[in-house]
């Protein structure tokens with residue numbers, strides 16, 4: 001075993017931290033308050049190679065390992081969880097399946113601009129009636145000559161209102177159940193595609209979450225991703241990796257809340273001394289740091305496992321479950337250490353607290369992660 | 001980063017697992033009920049080198065790295081936590097202080113005998129000083145080329161089986177950290193007596209006793225590391241000891257986990273196995289995830305120690321995480337077993353009792369949290 005980052009990983013982490021401190025931290029509170037999509041930040045992240053970090057250089061990506069990507073995700077999310085999820089969706093949920101299942105032409109045409117950050121991607125799986133039960137797709141795809149006609153509605157789509165390229169899942173043959181699901185590449189210009197509404201959310205307010213309609217949207221055969229009927233496999237294998245990204249997002253949120261709480265505990269005085277002198281506060285600090293540390297190790301291990309080439313569903317589910325629940329705990333304790341100030345928008349911990357909650361829900365709820373983990377363990 | 005064990009570590013783990021399955025597990029229940037440990041088991045462990053795991057070969061030890069040592073501890077604990085604690089106390093706090101702080105002469109004189117199965121014990125705790133180790137009152141009065149020890153030491157693991165005792169005492173009339181000294185004392189030294197054997201909830205095959213010191217004359221060359229070094233030696237040994245206890249807890253926790261899965265697959269209620277029921281699946285997922293997170297922390301602490309880097313904080317974190325995760329796992333295991341889990345016919349009843357002490361000895365969870373918080377506040 002070996003627990004050190006290599007040179008490149010350290011360099012990426014430092015670069016991401018530096019960028020986040022300079023470009024994102026100063027605007028994070030404002031874009032949260034105003035629900036403002038950080039287009040300028042996203043553009044700059046693209047220029048730094050952060051939008052296609054694991055994509056090979058020949059397709060416009062940075063060609064880095066998963067751990068480097070995870071470290072960058074953590075740093076960006078430490079500044080702003082909204083920026084984190086925009087980045088995570090593009091990298092994990094759109095670039096990765098295109099690179100893994102796409103043919104050369106698809107990679108050339110769709111992956112390259114996404115990886116370069118020139119275009120933004122969205123992953124359209126959830127529906128009003130299909131959340132954790134993702135196989136219950138009611139969006140349909142009907143064969144039509146040399147193409148397909150898609151009809152249906154997609155829900156809670158991150159980047160949905162700003163995306164140029166959408167990865168859309170639809171049921172082509174309900175008889176076959178999940179084996180009838182297919183994955184399509186859809187452009188936002190496609191006729192019949194429209195934005196229904198944007199959600200107003202508790203957290204991640206600078207990231208748009210949209211409800212999208214597909215009304216007789218026609219796509220040619222060349223925009224089918226993977227073999228016919230492989231859509232569900234594409235969706236699930238993509239989420240295995242996506243979960244590591246969300247675990248890293250949770251680490252970033254936790255890290256931000258923890259660092260601020262630690263600093264505050266040294267400054268804030270009550271009963272004539274800094275509150276860090278009280279055991280009650282010291283315990284909180286110890287528990288926050290311990291859980292954060294454990295969450296990091298599980299997440300880094302999942303990233304490492306992904307790069308080893310074998311199955312990593314269980315490692316990634318454990319990382320996501322543990323890191324997201326740790327972020328809930330840590331941000332809650334941070335608010336507590338800040339007291340009344342922690343409840344005020346004048347201090348950033350209330351934003352971290354709101355942002356943390358979603359990590360227990362999206363890309364597989366904690367309940368879904370537990371199903372994945374127990375089914376893997378019971379199979380052993 | 002690299003999360004794989006090397007070949008040597010895997011080989012060692014498999015060897016110990018095999019030994020523990022064949023030689024320890026079948027008698028673990030009777031050892032617990034009778035509160036005994038057969039001499040021939042101790043002899044077999046000696047023949048396998050378990051009494052000289054961590055000190056160099058030139059003194060008769062095996063000189064394994066900390067990670068390998070921890071894997072041994074985990075495997076032993078899976079079979080019997082009582083047998084495990086005898087080995088860990090002997091190795092980590094019993095012999096390690098000699099290997100680290102003893103003169104060449106002391107090492108040559110005592111370590112080969114320890115490796116040959118003469119058991120070591122560690123005497124720091126007193127009736128009035130537990131977590132507050134510096135509050136010890138046992139005295140060491142210099143008298144020519146001897147020290148004369150007086151006092152009483154409690155909760156001494158291996159106390160009645162031991163051939164050697166590492167004993168902490170202070171200069172009469174002093175208080176605090178300074179003026180504490182560590183000695184290696186042989187069984188049979190006049191004035192050293194086993195006063196009382198504790199009747200414990202768990203770890204029943206391991207002996208825990210009070211040692212009385214009544215004018216025990218110890219030659220000055222049996223002082224370890226020089227005068228005033230006592231607490232530093234004890235705390236250094238405990239840093240490493242904590243990693244051992246973390247892995248002891250992980251071993252018990254893993255046993256709880258495996259027994260629960262085994263039982264859940266067989267036991268049927270409402271027409272299907274427990275394993276098929278989501279409530280039980282959730283329990284299994286949480287046990288597995290918690291233990292895995294703690295294991296990663298334990299591995300990292302081992303690695304840091306082997307690299308010669310500071311590891312106090314990480315060892316404390318690993319101990320808190322592992323012992324608390326294992327206690328939850330034991331509780332869950334009993335719950336999954338229902339009424340049977342409350343009966344001695346099932347091993348989880350023993351695990352539940354055994355695991356409880358891991359949050360108490362070699363530094364309570366409360367002390368670990370203070371250690372962690374102090375390090376964090378000092379680092380910031």
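What is the antiparallel percent of DSSP beta bridges lying wholly in the protein assembly as shown, to the nearest 5? The answer is about 85 percent antiparallel.
Here the range B:228-307 is treated as a Stokes sphere of Kirkwood radius computed over C-alpha pairs; at 37 °C and 0.692 mPa s its diffusion coefficient rounds to 220 µm²/s. Take every pair of alpha-carbon atoms less than 8 Å apart whose residues are at least six positions apart; their mean separation over the length of chain B yields a relative contact order of 16 percent. Cβ-to-Cβ counts within 10 Å put A:328, A:352 in ascending order as A:328, A:352, the fewest first.
Counting only other chain Cβ atoms within 10 Å of each residue's Cβ, the peptide A:273-285 averages 3. Which translational diffusion coefficient, to the nearest whole µm²/s, is obtained for the range A:242-293 from the Stokes-Einstein equation, given a Kirkwood hydrodynamic radius over C-alpha pairs, 25 °C and 0.890 mPa s? For these conditions, the coefficient is 205 µm²/s. Ranked from largest, the principal axis spans of the Cα set of chain B equal 78, 50, 40 Å.
Measuring nothing but alpha carbons in the range A:59-129 and taking Rh as the Kirkwood radius, the Rg to Rh ratio lands at 1.00. Estimated from helices alone, the mean residue ellipticity of chain B at 222 nm is -16500 deg cm²/dmol (sum of -39500 (n - 2.57) over DSSP H runs with n ≥ 4, per residue).
When chain A is treated as a GNM with alpha-carbon contacts under 10 Å, the residue of A:86, A:337, A:76 showing the greatest mean-square fluctuation is A:337.
Each distinct pair of alpha carbons in the range A:236-379 adds a 1/r term; the inverse of their mean, the Kirkwood radius, is 15.7 Å.
Taking 20 Å as the cut-off, the amide N atoms of the range A:158-175 that come nearer than this to a point 7 Å along the Cα-to-beta-carbon line of residue A:142 belong to A:168-175.
Rg/Rh for the protein assembly as shown stands at 1.04; both radii use Cα atoms, and Rh follows the Kirkwood definition. Neighbouring Cβ atoms from other chains, within 10 Å of the Cβ of residues in A:290-302, number 6 on average. In chain A, the DSSP-assigned H stretches of four residues or longer account for a calculated mean residue ellipticity at 222 nm of -15500 deg cm²/dmol, using -39500 (n - 2.57) per stretch and the full residue count as denominator. Suppose R0 equals 22 Å; then what is the FRET efficiency for residue A:15 and residue A:345 from their Cβ-Cβ distance, rounded to the nearest 0.05? Taking R0 as 22 Å, the efficiency between residue A:15 and residue A:345 is 0.15.
Among B:344, B:197, B:108, the largest mean-square fluctuation in a Gaussian network model of chain B (Cα springs under 10 Å) belongs to B:344. On the beta carbon distance between residue A:5 and residue A:267, with R0 = 35 Å, the FRET formula returns roughly 0.70.
Could you line up B:51, B:3, B:270 from fewest to most neighbouring Cβ atoms inside 10 Å?
Ordered by Cβ neighbours within 10 Å, fewest first: B:270, B:3, B:51.
Using Stokes-Einstein with the Kirkwood hydrodynamic radius over Cα pairs, what translational diffusion coefficient do you get for the range A:7-119 at 37 °C and a viscosity of 0.692 mPa s, in µm²/s rounded to a whole number? Could you put the intermediate results ahead of the total?
Working: Rh = 13.9 Å.
This corresponds to a translational diffusion coefficient of 236 µm²/s.
Here the spin labels are modelled as points 7 Å beyond Cα on the Cα-Cβ line, and at residue B:220 and residue B:174 they lie 1.5 nm apart. Counting only Cα atoms, the size of the range B:144-231 along its three principal axes is 40, 27, 21 Å, in decreasing order.
Residues within the reach of a label modelled at residue B:366 (point 7 angstrom out along Cα to beta-carbon, backbone nitrogen below 15 Å), restricted to the range A:246-280, are A:279-280. Shape summary of chain A, radius of gyration then Dmax from alpha carbon positions: 20.7, 79 Å.
The Cα center of the range B:51-68 and the Cα center of the range A:328-368 differ in position by 47 Å. Working from Cα pairs under 8 Å separated by at least six residues, relative contact order for the range B:232-379 is 33 percent. With neighbour counts taken as other beta-carbon atoms within 10 Å, the residues B:86, B:296, A:371 rank, fewest first, as A:371, B:296, B:86. Computed over the range B:39-176, the Cα gyration tensor eigenvalues convert (square root of 5λ each) into semi-axes of 28, 18, 13 Å, ordered from largest to smallest.
Just so you know, the Cα atoms of the range B:232-379 work out to an Rg and Dmax of 17.1, 60 Å. Eigen-decomposition of the gyration tensor built on the alpha-carbon atoms of the range B:1-88 gives equivalent ellipsoid semi-axes of 24, 16, 10 angstrom, largest listed first. Between the alpha-carbon centres of the range A:43-119 and the range A:134-202 there is a gap of 21 Å.
Once the Cβ-Cβ distance of residue A:30 and residue B:345 is raised to the sixth power relative to R0 = 56 Å, the FRET efficiency obtained is 0.30. Need the C-alpha centroid separation for the range A:306-327 versus the range B:123-189, integer Å. The range A:306-327 and the range B:123-189 have Cα centres separated by 47 Å.
Per-residue mean of other chain beta-carbon atoms within 10 angstrom of the beta-carbon, peptide B:346-357? Write out the running numbers ahead of the final one.
Working: counts 0, 0, 0, 0, 0, 0, 0, 0, 0, 0, 0, 0.
Per residue, the number of nearby Cβ atoms from other chains is 0 on average.
Residue-normalised convex hull volume from the C-alpha trace of the range A:122-229: 93 Å³ per residue. A straight chain from residue A:233 to residue A:104 at 0.36 nm per residue would run longer than the Cα-Cα distance by 44.4 nm.
The mean of 1/r over all distinct Cα pairs in the range A:51-206, once inverted, gives the Kirkwood hydrodynamic radius of 16.4 Å. Dividing the mean sequence gap of close Cα pairs (under 8 Å, 6+ apart) by how many residues chain A holds gives a relative contact order of 16 percent.
Bear in mind these aren't lab numbers, they're just calculated from the coordinates by the rules spelled out. Fair warning: this is a prediction, and the values are worked out from it, not measured in the lab. All Cβ positions, even for glycine, are placed from backbone atoms using ideal geometry, and neighbour counts span all protein chains on display.
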